[in-house]
1. Under a 10 Å cutoff between Cα atoms, tell me which one of A104, A183, A368 has the largest fluctuation in the Gaussian network model of the chain.
2. For region 212-374, what is the per residue volume of the convex hull drawn over the alpha-carbon atoms, in cubic angstrom?
3. S264 versus A183, label points 7 Å from Cα toward the beta carbon: distance in nm?
4. Using +1 at the C-beta of Lys and Arg and -1 at the C-beta of Asp and Glu, which of S365, G226, A44 has the Cα lying farthest in the positive direction of the dipole of the chain?
5. Run through the DSSP bridge list for the chain and note the antiparallel percent, rounded to the nearest 5.
6. With r defined as the distance between the Cβ atoms of V257 and A358 and R0 fixed at 30 Å, what FRET efficiency is calculated, to the nearest 0.05?
7. Considering only T32, T105, T270, give the residue with the highest GNM mean-square fluctuation for the chain, with springs between Cα atoms whenever their separation is below 10 Å.
8. Taking the Cα centre of the chain as origin, sum charge times position over the Cβ atoms of Lys and Arg (+1) and Asp and Glu (-1), and report the length of that vector in debye to the nearest 20.
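Please treat every number below as a calculation from the coordinates, not as lab data. What you see is a predicted model; the values in this text were computed from it and never measured. Note that we place each Cβ from the backbone using ideal geometry, even for glycine, and neighbour counts take in every protein chain shown.
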Amino acid sequence: MDGNDSASLSARRKRTRDQVLAILAQHSSGLTRAGLSRMTGLSASAISDCVASLRSSGLVAESAAGTGGATGRGRRATVISLVNDEGVVVGIDFGHAHVTAAVATTTGELLERRADVLDVDHRPGPVMDVAAELARSCVERSGHTMDDVLGIAAGIPGPLDIRTQVVRPPTILSDWVGLAPAAELARRLGHPVTIGNDADMGARGEQAYGAARGLEDFLYIKASHGIGAGIVIGGRPYRGATGIAGEIGHTQIPDAVNWCRCGSRGCLETVVSITTVRRQLAHVLATHQTALDESAIPPLFELSDNPAAARVLTEAGRTVGRVLADLVNCLNPAALVLGGELGSAGEPFAAGIRESVARYAQPASAQAAEVITGQLGAEAEVRGAVAAAVAATRQRLTAVS
C-alpha cells in the first residue's frame with residue numbers, strides 16, 4: 001500500500017469514528033451494532049472495526065442489552081454507548097445584547113445555565129469578564145470544579161477569521177476588531193476554547209439536539225438583531241475561505257436606502273431585524289388613544305392570531321425569503337431552519353419565507369427545501385456551543401488514543 005492509499009484509509013477511518021461518535025452522542029442509552037449500521041449506512045464490518053478501535057481508546061463501552069435484545073441463536077445483542085466521562089463541557093453564547101453560559105455532560109445533557117443582559121457590541125473586555133464569571137458559576141452550581149472541564153466552546157455574533165481566530169474589520173462588532181476571543185476566554189478560564197460564529201453554533205445546536213437532527217444539507221437562519229446563516233453541507237458546517245460565509249444580513253435589498261452599520265445602504269438587516277419589526281409592531285398595535293412602547297410588545301409567537309401583527313411578520317418573512325431563495329438555488333438544501341427572535345415568531349414569519357422561496361427559487365429546489373421553525377428557540381446557539389465543546393473533547397481524546 002503506497003502513501004496515498006494509506007492516507008486515504010486513515011482519513012476514511014477517522015470519518016467513520018467521527019460519524020459513529022456523533023450518532024452515539026445523540027443516543028445516551030446506546031445503540032446496538034445493527035442500529036449503528038442502520039443509522040450511519042456503514043457496513044457491519046466497518047462498524048465492528050470502528051467499535052473495536054473506540055473501545056481500545058476508552059471512548060465507548062459495550063454491554064449486554066436488556067430483555068428482548070437476543071439475536072441469532074439466542075445470543076443476546078450488545079449495546080454500544082459513550083463512556084460517561086466524569087468531566088463536563090462549557091458552552092458560551094454571545095448575542096448582541098446578552099451572554100449565556102451553560103454546563104453539560106459529554107453526552108450533551110444540560111446541567112446548569114445562566115445568562116446576563118448587557119451591551120456586548122461595545123465593551124468586549126468587560127463582556128469577556130462576565131462570560132467567564134457566568135461559566136465559572138455554572139460549573140460550580142453543577143457540582144463540579146474548573147478542573148473537571150474537558151472542553152469549552154463559544155459563539156460570537158460577528159465575522160471571525162478562522163485562519164487567525166481574530167475578529168475581522170471593519171463592520172460588525174467594530175470594537176472587537178483585532179480581538180482574539182478564544183485566547184481572551186482561555187486566559188480567563190484556564191482552558192483552551194473553540195470559537196465560532198453564532199449562526200454556525202445555532203446550526204450545530206439544531207443539528208445535534210433539535211429540528212435538524214438527521215439532516216445533511218440545511219441552512220440555519222438566525223434572524224434577530226442581525227441576520228446570519230449557518231450553512232451545513234454534507235453534514236459539516238461550511239464556513240468559507242476565511243470563516244465568514246453566511247453573512248446574509250448584508251445582502252442588498254432593491255429600493256432599500258437606510259445606512260447599515262457595515263457602511264453600505266440597503267442591507268437586509270436594515271429592513272428586517274428584531275428592532276425594526278418591533279418598531280413596526282408598536283405602530284400597528286397602538287390604538288388611537290394609547291401609543292405602545294416597543295418594550296411592551298409581548299413575545300412574537302403570541303401575536304400570530306393578531307391580523308395586523310401577522311401581516312408585519314409575514315412581510316418580514318417575505319423579505320428574508322427573497323434572499324434565501326437565491327441560496328436555495330445555489331445550495332439545494334433539504335431545509336431552512338428558522339431561529340433567533342424572528343425565526344421563533346411562529347407561522348406568519350415562516351409563511352412569508354415559504355411564499356418567497358416558492359416564488360423566486362427554482363421549482364425543484366424550492367420544493368425540496370422545507371421551511372421549519374427550530375426546536376431550541378433562544379437556546380440553539382448555546383446548545384450548539386455545547387455540541388462544539390463535546391466534539392472538540394471527543395476529537396482530542398481520539399487523537400490522543
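1. Maximum fluctuation in the GNM of the chain, among the listed residues, is at A368.
2. It is 122 Å³ per residue.
3. 3.0 nm
4. It is A44, whose Cα lies furthest towards the positive end.
5. Percent antiparallel among DSSP bridges in the chain is about 65.
6. 0.60
7. It is T32.
8. I would put it at about 1260 debye.
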